[in-house]
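Structure, as structure tokens:
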């Protein structure tokens, strides 16, 4: 009973908040669009007994998935989202790692303050922060006004409603998710390992690449997942900062649900997006398990 009570709460959480909603979305993705409430058929009616249940399953099909495979728009949206998410993750890592490393090398009394500054943006609404970037990156925004006032540019730069603005918004928004795991991994690093490496002839640069970087790998991987996964399905940032020029699957998903009212097709898009996210996570977990077994 003690073991059962320990696993009951997390498994109940996963079943209630992940598995059940996923089954519902999967069922809708196998349905057909209809002018009804809800806007799809068939709907499950358990009052009809086994005959009604059999008829319900007989009406489910994979037509929505076949349509996604035949329409270039959706695959281009998936590929574009993967590209933007991958590039944003790399940019966030390149900016976040030096920040996390500098925080761990700062004086002990300054670390809580630096950590608070990283977390501080979470105290403001995510939507307000994205709207603020619209005011910064616009043609008459703060950035163009400042650059023109000092004579660096003669006419406003077109940044808003471009992929560049999307990358800026994503990197700014998800930077704390990259910094915090890396900071946690670097803070646990034993400094005596670096001293031993330097005593054996390594320079500080060599010691960083041979000792610090490999030992911070768990933080890098965790931060990359925390940035890549939400970025892949991002909707707000590409809608507000990217405009119509940026094609991402989150925008396509929103349009299918709320503009076209095609819930079955939107559910199929969501199911494929979830599969894309689950595959690398499962592969990573299997690789980590193999490494632990090899170390034992």
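The values are calculated or read from the model by the stated rules, or taken from the named source; none is laboratory data. Quick caveat, the model's predicted, so the values are computed rather than measured. Don't worry about glycine lacking a Cβ; one is built from the backbone with ideal geometry, like all the others, and counts go over all protein chains shown.
Results, tabulated for the structure shown:
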read-out	value
Test: residue 224 is part of a helix (DSSP H, G or I), in contact (Cβ under 8 Å) with a residue 60 or more places away in the chain and surrounded by fewer than 17 Cβ atoms within 10 Å (Cβ to Cβ)	no
Test: residue in segment 167-176 that is modelled with pLDDT under 90, touching a helix residue (DSSP H, G or I) at 6+ places or on another chain (Cβ under 7 Å) and buried (at least 18 other Cβ atoms within 10 Å of the Cβ)	no
Residue 6 vs. criteria more than 20 Å from residue 273 (Cα to Cα), without any contact (Cβ under 8 Å) to a residue 12 or more places away in the chain and surrounded by fewer than 15 Cβ atoms within 10 Å (Cβ to Cβ)	yes
Identity of the residue in segment 28-50, touching a residue at least 40 places away in the same chain (Cβ under 8 Å) and part of a helix (DSSP H, G or I), that ends up surrounded by the most Cβ atoms within 10 Å (Cβ to Cβ)	29
Verdict on residue 119 being out of contact with any helix residue (DSSP H, G or I) (no Cβ under 6 Å at 6 or more places or on another chain) and either in a loop (DSSP other than H, G, I, E, B) or on the phi > 0 side of the Ramachandran plot (or both)	no
Positions within segment 156-169 being without any contact (Cβ under 8 Å) to a residue 40 or more places away in the chain and either over 20 Å from residue 243 (Cβ atoms) or part of a helix (DSSP H, G or I) (or both), in sequence order	164
